[in-house]
Amino acid sequence: MPSTPGLQALSDSAAIIDLSDRGRIRVTGQDRARLLHAMTTNHVQGLKPGEGQYTFFLNAQGQIQADAYVLCFEDHFLLDVEPQTRQSLYEHLDKFIIADDVTLEDVTEQTFALGMEGPQALRLAAEIGMTAPHAAFSHTEWDPYSVAAISSTGAPGVRIYGPALRKDDAIGILTSSGAIEAMAADAETCRVAHFKPRYGHDITERSLPQETQQMQAVHFQKGCYLGQEIVERVRSRGHINRLLVGFTGESDHLPALGAKIAYGGKEDGEVTSAAVANGRFFGLALVRAQIAAPGTIVGIDGRPATLTALAA
């Protein structure tokens, strides 16, 4: 990868990524688990305090309207969502609260979120006394912060939440441990290099869950939820037209977003994210399911590329 300090840290050691622009919605009330369970693709009602999961929110047509990390606390759930779905998801959930004992609170401005990610991130976390969670999406307390096993880039790491007034204190602790502050562009390049999909880039409001190949977000035995009929129909028929995949090739030419994927003399997909580093290009693309196997050689802007599996 290029040698910007932040990108180098993400590649070789540990970097701090400011994720405070992501939305954070607090969900309280006795019916909170029941409501979220009925609105998401994952098994929210099965979560215990300290656990978490990745999930999709669908419309009635089975299309993904938002994705979220759901963290379960003793008295509330925290939804960590993309900036552009913060308001729409709040309104989507609020519309379905009728006689339920559920309260939504947008706590984005009152809180912060930081990622510490990279090969040495978990070691540094341990050295500063942070009890890093080991199960995916689980979380622990590091007073006055919460620490979750979530990575924005696909590299090893944790996500730290806390009061907005304590953000600078948290950054100071992390930098004193040796972590380097990274820019958003550094984190984006690292994400693409790890073939980690992101909503708003590779996953959109038109995507179906199976197209994303992120099946950790879907529980097929959980019971009814909004959009389930379409998800079950796709599963039972065993057929999907398009799949999200990664790709890589030898060139410092950056493929354009929307660039066509060529295979067998015809267009079979398009680029959704791309980056270049050290004479290689890599990215994610939505392609025809029949060619989506890792190792398939395709053409992008006249250059050969090899399809690869996505990060979970």
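Conditions first: (1) farther than 25 Å from residue 221 by Cβ; (2) free of Cβ contacts under 8 Å to residues at least 60 places away in the same chain. Residue 72 passes all but one, so which condition is the exception?
If we test residue 72 against (1) farther than 25 Å from residue 221 by Cβ; (2) free of Cβ contacts under 8 Å to residues at least 60 places away in the same chain, just (1) comes out false.
So which residues in the range 1-21 are surrounded by fewer than 19 Cβ atoms within 10 Å (Cβ to Cβ), modelled with pLDDT of 95 or more and assigned to a loop (DSSP other than H, G, I, E, B)?
Within the range 1-21, 13, 20, 21 meet the criteria.
Given the conditions (1) modelled with pLDDT under 95; (2) in contact with a helix residue (DSSP H, G or I) (Cβ under 7 Å, 6 or more places away or on another chain); (3) of a type outside the set (D, E, K, R), which single one is not true for residue 239?
Only one criterion in (1) modelled with pLDDT under 95; (2) in contact with a helix residue (DSSP H, G or I) (Cβ under 7 Å, 6 or more places away or on another chain); (3) of a type outside the set (D, E, K, R) is unmet by residue 239, namely (2).
So which residues in the range 146-159 are out of contact with any Lys or Arg (no Cβ under 7 Å at 6 or more places or on another chain), over 14 Å from residue 52 (Cα atoms) and surrounded by 19 or more Cβ atoms within 10 Å (Cβ to Cβ)? First the steps, then the outcome.
Looking only at the range 146-159, we keep the residues that are out of contact with any Lys or Arg (no Cβ under 7 Å at 6 or more places or on another chain), and these are 146-147, 149, 151, 155-159.
Next, from what is left, pick out any that are over 14 Å from residue 52 (Cα atoms): 155-157.
Of everything in the range 146-159, those that are out of contact with any Lys or Arg (no Cβ under 7 Å at 6 or more places or on another chain), over 14 Å from residue 52 (Cα atoms) and surrounded by 19 or more Cβ atoms within 10 Å (Cβ to Cβ) turn out to be 155, 157.
If you go through the range 104-132 one residue at a time, how many are among the polar types (S, T, N, Q) and under 21 Å from residue 53 (Cβ atoms)?
Initially, the range 104-132 is screened for residues among the polar types (S, T, N, Q), giving 108, 110-111, 120, 131.
Now narrow it down to the ones that are under 21 Å from residue 53 (Cβ atoms): 108, 111, 131.
Qualifying residue count for the region: 3.
Find the strands (runs of 3 or more DSSP E) located wholly in the range 47-116 whose residues include 1 or more that are surrounded by fewer than 14 Cβ atoms within 10 Å (Cβ to Cβ), and list them.
By residue number, 103-106.
Among the residues of the range 268-292, write down those that are without any contact (Cβ under 8 Å) to a residue 40 or more places away in the chain and either surrounded by 14 or more Cβ atoms within 10 Å (Cβ to Cβ) or not assigned by TED's automatic domain parsing to the domain that holds residue 302 (or both).
Across the range 268-292, the qualifying residues are 268, 269, 270, 271, 276, 280, 281, 291.
Go through the range 234-245 and report how many residues are touching a residue at least 12 places away in the same chain (Cβ under 8 Å) and among the charged types (D, E, K, R).
2
Among what's in the range 28-46 and is among the β-branched types (Val, Ile, Thr) and surrounded by 21 or more Cβ atoms within 10 Å (Cβ to Cβ), pick the residue that is farthest from residue 197 (Cα to Cα). Before the answer, list the steps.
Taking the range 28-46 as the starting set, the residues that turn out to be among the β-branched types (Val, Ile, Thr) are 28, 40-41, 44.
Applying the additional criterion that residues be surrounded by 21 or more Cβ atoms within 10 Å (Cβ to Cβ) yields 40-41, 44.
Values: 40: 19, 41: 17, 44: 22 Å.
My answer is 44.
When you scan the range 75-115, how many residues do you find that are hydrophobic (A, V, I, L, M, F, W, C), without any contact (Cβ under 8 Å) to a residue 12 or more places away in the chain and closer than 16 Å to residue 225 by Cα?
Number of matching residues: 0.
With surrounded by 15 or more Cβ atoms within 10 Å (Cβ to Cβ) and not aromatic (Phe, Trp, Tyr) as the only criterion, which of 236, 251 stands out?
Going through 236, 251 in turn, just one is surrounded by 15 or more Cβ atoms within 10 Å (Cβ to Cβ) and not aromatic (Phe, Trp, Tyr): 251.
Report, ordered by the first and then the second residue, all pairs with beta carbons closer than 9 Å, sequence separation of six or more or different chains, a first member in the range 169-180 that is assigned by TED's automatic domain parsing to the domain that holds residue 115 and part of a loop (DSSP other than H, G, I, E, B), and a second member that is modelled with pLDDT under 95 and loosely packed, with under 13 Cβ neighbours inside 10 Å.
From residues that are assigned by TED's automatic domain parsing to the domain that holds residue 115 and part of a loop (DSSP other than H, G, I, E, B), the pairs are 177/127; 178/127.
Check 117, 74, 91 and return the single one that is among the acidic types (Asp, Glu) and in contact with a strand residue (DSSP E or B) (Cβ under 6 Å, 6 or more places away or on another chain).
The match here is 117.
Only one of 126, 136 is outside any strand (DSSP E or B), closer than 29 Å to residue 220 by Cβ and either modelled with pLDDT under 95 or touching a Ser or Thr at 6+ places or on another chain (Cβ under 7 Å) (or both). Can you tell me which?
Result of the check over 126, 136: 136.
Taking interchain pairs and intrachain pairs at least six residues apart, which have beta carbon atoms under 6 angstrom, with the first residue in the range 246-259 and without any contact (Cβ under 8 Å) to a residue 60 or more places away in the chain and the second assigned to a loop (DSSP other than H, G, I, E, B)?
Taking only residues 6 or more apart or on different chains, the pairs are 252/279; 255/301; 259/301.
The values are calculated or read from the model by the stated rules, or taken from the named source; none is laboratory data. Note that the coordinates shown come from a computational prediction; the quantities given were computed from them, not determined experimentally. Backbone-built Cβ (ideal geometry, glycine too); neighbour counts: all protein chains shown.
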